[in-house]
Amino acid sequence: MPNHKQNRALAAVQEVCILTAAVAVIAAAVYFFLVPSHTSVSSISGLGIVLSNFVPLPLSSITMVLNVVLLLIGFLTCGREFGAKTVYTSILLPFFIGVLERVFPDIGSLTDSQELDVLCYILVVSVGLSILFNRNASSGGLDIVAKIMNKYLHMDLGRAMSLSGMCVALSAALVYDKKTVVLSVLGTYFNGLVLDHFIFDHDIKRRVCIITKKEEALRHFIIHDLHSGATVYESYGAYNLEKRREIITIVDKSEYQKLMNFMNREDPQAFITVYTVSDMRYQPKV
């Protein structure tokens with residue numbers, strides 16, 4: 001029992017360290033790239049950059065106030081849906097930004113280019129956000145807005161995120177020139193694409209359907225070499241009603257390559273169809 005408790009404590013400490021590191025990456029992306037670009041790319045920090053032109057407070061303080069207000073609204077409207085992780089990351093982000101403001105005061109653009117600043121921000125922040133999302137956490141901010149819109153407007157969560165992000169991007173028009181507004185909008189769009197790549201691409205699997213004369217060899221290869229499962233269906237050809245058996249398996253990228261190499265070697269004439277699978281669920285009987 002003590003070992004079990006120690007393992008749980010160790011896992012909790014590891015989780016906190018990973019979340020902290022991810023938020024530090026996001027804070028660095030905001031301070032070193034988003035702030036110098038003056039754009040407001042799909043984040044509460046982006047909105048804070050715009051508001052800093054009207055409110056005599058540092059970005060870290062504005063971001064903290066916005067996150068705390070959104071957390072309170074979230075708890076009042078959506079209950080405890082957000083959890084301790086979102087509270088932790090929402091408070092930690094402005095803290096890290098505040099540290100960077102003190103350590104690197106009045107820092108300018110590292111790239112001397114507004115466009116490159118936006119591009120670097122998108123790439124760096126996507127790393128941090130993907131770590132949070134894959135740990136079932138978020139950075140707060142617009143995620144809370146999106147969940148509120150999802151609950152009360154019955155809007156798809158992804159669409160709600162995009163809409164709230166675009167509203168933040170368009171807020172740049174209150175302060176900055178047309179170029180900055182366009183960069184904010186384009187940055188928000190491409191940020192979503194890059195984030196989808198970081199989050200979902202490593203989870204994408206392939207559903208492979210194979211009709212082959214080497215059925216037994218294929219079944220053995222899938223089970224014993226790929227250590228995967230498969231389903232066998234009986235099928236009939238529409239032309240001559242010839243009875244065939246179709247083997248269907250779901251594999252990841254590396255397994256797919258091994259499977260294709262095996263089929264090219266064993267039966268190059270096999271009939272193979274491949275589908276992309278991004279979500280698999282098992283619904284137990286109730």
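Odds and ends about this structure:
- When every residue of region 37-60 is checked against the conditions, at least one turns out to be touching a Pro at 6+ places or on another chain (Cβ under 7 Å), in a helix (DSSP H, G or I) and farther than 14 Å from Val168 by Cα.
- Hey, Ser52 hydroxyl-bearing (Ser, Thr, Tyr), over 23 Å from the mean Cα position of the chain (by Cα) and crowded, with 20+ Cβ neighbours inside 10 Å or not: no
- Residues in region 125-166 that are open to solvent by 20 Å² or more (accessible area, probe 1.4 Å), small (Gly, Ala, Ser) and touching a Leu at 6+ places or on another chain (Cβ under 7 Å): 1 in all.
- The residue that is most open to solvent (accessible area, probe 1.4 Å), among those in region 225-246 that are among the aromatic types (Phe, Trp, Tyr) and in a strand (DSSP E or B), is Tyr236.
- If you go through region 127-148 and keep only what is of a type in the set (S, T, N, Q) and either closer than 15 Å to Ile44 by Cα or more than 8 Å from the chain's Cα centre (by Cα) (or both), you end up with Asn136, Ser138, Ser139.
- Taking each residue of region 13-26 that is farther than 12 Å from Leu92 by Cα and looking for partners that are open to solvent by 10 Å² or more (accessible area, probe 1.4 Å) and assigned to a helix (DSSP H, G or I) with beta-carbon atoms closer than 8 Å, six or more apart or interchain, yields Ile18/Ile131.
- Test: residue in region 195-208 that is open to solvent by less than 50 Å² (accessible area, probe 1.4 Å), farther than 30 Å from Gly140 by Cβ and at pLDDT 85 or above: yes
- Conditions (1) modelled with pLDDT of 90 or more; (2) assigned to a helix (DSSP H, G or I); number of the one not met by Thr249: (2)
- Selected residue (criterion: nearest to Ile211 (Cα to Cα)) from residues of region 247-259 that are of a type in the set (Ser, Thr, Tyr) and surrounded by 10 or more Cβ atoms within 10 Å (Cβ to Cβ): Thr249
The values are calculated or read from the model by the stated rules, or taken from the named source; none is laboratory data. The model shown is predicted, which means the values in this text are computed figures rather than measured ones. Cβ coordinates were reconstructed from backbone atoms using ideal geometry, including for glycine residues, and neighbour counts include every protein chain displayed. We work out accessible area using only protein heavy atoms, side chains counted, and drop any ligands, DNA or RNA first. Shrake-Rupley method; radii C 1.70, N 1.55, O 1.52, S 1.80 Å.
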